[in-house]
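Shown next, in C-alpha cells, is the structure this report addresses.
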Amino acid sequence: MNGVTGRMGHRQHLVRSILAIREQGGVDLGDGTTVWPEPVLVGRREAALHALAREHGLDPGNTSTDLDAVLADDSIDVYFDAQVTSARVDALKKAIAAGKHVYAEKPSATGLDDALELARLARVAGVKHGVVQDKLFLPGLRKLARLVESGFFGRILSVRGEFGYWVFEGDQQQAQRPSWNYRARDGGGITLDMFPHWEYVLHELFGRVRSVQALAVTHVPRRWDEQGEPYTATADDAVYGIFELDGGAVAQLNSSWTVRVNRDELVEFQVDGTEGSAVAGLRGCRVQHRAVTPKPVWDPDVPVTHAFREDWQEVPDNAGFDNGFKAQWELFLRHVCADTPYTWDLFAAARGVQLAELGLRSAAEGRRVQVPELTL
C-alpha cells in the first residue's frame, strides 16, 4: 500500500477498508476460503510509516521506503497506489512489470495516453487491475441506481449535480486539502479530480457521455502550503460542466472547492424524468412521483407558503450499506483470488481521464467537445 500516510490512503483505504476487513475476519469467498490481507506500508518517510504501523497494531517491519524492493518480493500479490497523481503512472508500470495485480486511486493518470498505456500493459501482463470508483457504492447513489433499474423515472430528462465545499486558503485557517491539489505540475485541479468520478457515475447510471462543455477556473489564486508558505495556485479550483448523454439526457454538474455549503450533503444529484424525480446525496435519497407532483404557479408578488420539500418521500434503505471504499476493496480481492467479475478496471479509469482531459480542452477553447468512444 503506497501512499498510506496521506489523508485518503490512511483514512479510507488503510483504516476503513483493509483494517476493517481484518477486523471482520477477512473476506469470505463462499467456498470455505477466507482472504486475509496483510498490508505492507510504503512511503517516503520511514519514521511516519513506523508510527502508522504501531498506531494500528501492525508490524513496523512490514514497512518500506524502497518500492522496488517491495515489488521484488514474491510474497506480495497486490500493489495499491494512493500517491499524488503525478507519481502514479511510473509506480503502476513498475508494479505491472513485476507481475503484481494493481489497484489504484483515481485518476489513474494525468493524461489519456498514459491511462490507456496502463490498461494495455496490464492486459498484456495478464494481471488483475482496478481503480477506485467509490461514489457508485454510496448509499444514496445505490438507492438512485435502484430507482433507475426499476424504471421509476420513465424517460430520464436531466441530471443536476452540486458538489463541493469551502477549502480554506491556509493563512487564517489550515487548509483541509493538501497543497498539491492546487498545483498543476503535481496533477492537481478539481477537473482532474472530479470529472473521473462524474464519468463513471453518469456512465453506469444514465448513459455514456457523448459531449462535454466545461468552464474550469481558479477562483482563489493565492494559497498557503503545509509549512505556512504562500504559493500561487496554478490548477483549477472550480469547474462547471454540461454533459450530453446517450439517450438524450443532459447532465449539469458543478464542482467547487470555493463554495459554501447550503444543501443537505456535500454532494447532491437531482434526476428528473417523465414519470418522477429524485434527489440523492451521500446517504439519503428522496423521490417525487408524477402522480403526486404539485402544480406551482410563478407569482413573484405573492409570498411562497408551499413547503416544497415536504412533498418528497424518503427512499428506505432496505439493505445494509458498508463503507464504499471497503465494499470495492472486497470486490477487488474476490476478483484477484476467485476470479469473480470486475468492471472498474484501468480501462474504465481511462474513460474518466479522457473526460477530464476533454473538459479542460473545452474550457481552454471555449467550445463543446465530442467524447469519442474509447477502445484498447
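The values are calculated or read from the model by the stated rules, or taken from the named source; none is laboratory data. It should be emphasised that the depicted structure is a prediction, and the values quoted were computed from it without experimental measurement. Ideal geometry is used to build each Cβ from the backbone, glycine not excepted, and the neighbour counts take in all protein chains shown.
A few remarks follow.
Conditions (1) within 21 Å of Ala115 (Cβ to Cβ); (2) among the hydrophobic types (A, V, I, L, M, F, W, C); (3) surrounded by fewer than 17 Cβ atoms within 10 Å (Cβ to Cβ), marked per residue:
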site: Ile18; (1), (2), (3): no, yes, no
site: Leu29; (1), (2), (3): no, yes, yes
site: Trp36; (1), (2), (3): no, yes, yes
site: His50; (1), (2), (3): no, no, yes
site: Asp74; (1), (2), (3): no, no, yes
site: Asp81; (1), (2), (3): yes, no, no
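- Checking each residue of segment 146-160 against the condition of being crowded, with 16+ Cβ neighbours inside 10 Å, in the same structural domain as Tyr200 (by TED's automatic domain parsing) and part of a loop (DSSP other than H, G, I, E, B) gives at least one match.
- Within this structure, Val336 passes the test of being among the β-branched types (Val, Ile, Thr) and in a helix (DSSP H, G or I).
- Matching residues, segment 238-256, being modelled with pLDDT of 95 or more and farther than 16 Å from Trp198 by Cα: Gly248
- Some residue of segment 339-353 being within 24 Å of Gly99 (Cβ to Cβ) and touching a Phe, Trp or Tyr at 6+ places or on another chain (Cβ under 7 Å): yes
- Filter result for the condition that a residue is assigned to a helix (DSSP H, G or I), farther than 23 Å from Leu245 by Cβ and either in contact with a helix residue (DSSP H, G or I) (Cβ under 6 Å, 6 or more places away or on another chain) or basic (Lys, Arg) (or both), over Phe347, Phe321, Phe325: Phe325
- Residues of segment 17-59 satisfying the condition of being under 21 Å from Thr5 (Cβ atoms), of a type in the set (Val, Ile, Thr) and outside any helix (DSSP H, G or I): Val40, Val42
- Members of segment 233-254 found to be more than 19 Å from the chain's Cα centre (by Cα) and not hydrophobic (A, V, I, L, M, F, W, C), listed by number: Thr234, Glu244, Asp246, Gly247, Gly248
- The listed residue being touching a helix residue (DSSP H, G or I) at 6+ places or on another chain (Cβ under 8 Å) and of a type in the set (Ser, Thr, Tyr), out of Ser150, Ser158, Ser108: Ser108
- Pick from segment 169-223, criterion among the polar types (S, T, N, Q) and crowded, with 20+ Cβ neighbours inside 10 Å, ranking: nearest to Pro107 (Cα to Cα): Thr191
- Among all residues of segment 197-206, there is at least one that is within 21 Å of Arg11 (Cα to Cα), of a type outside the set (A, V, I, L, M) and assigned to a helix (DSSP H, G or I).
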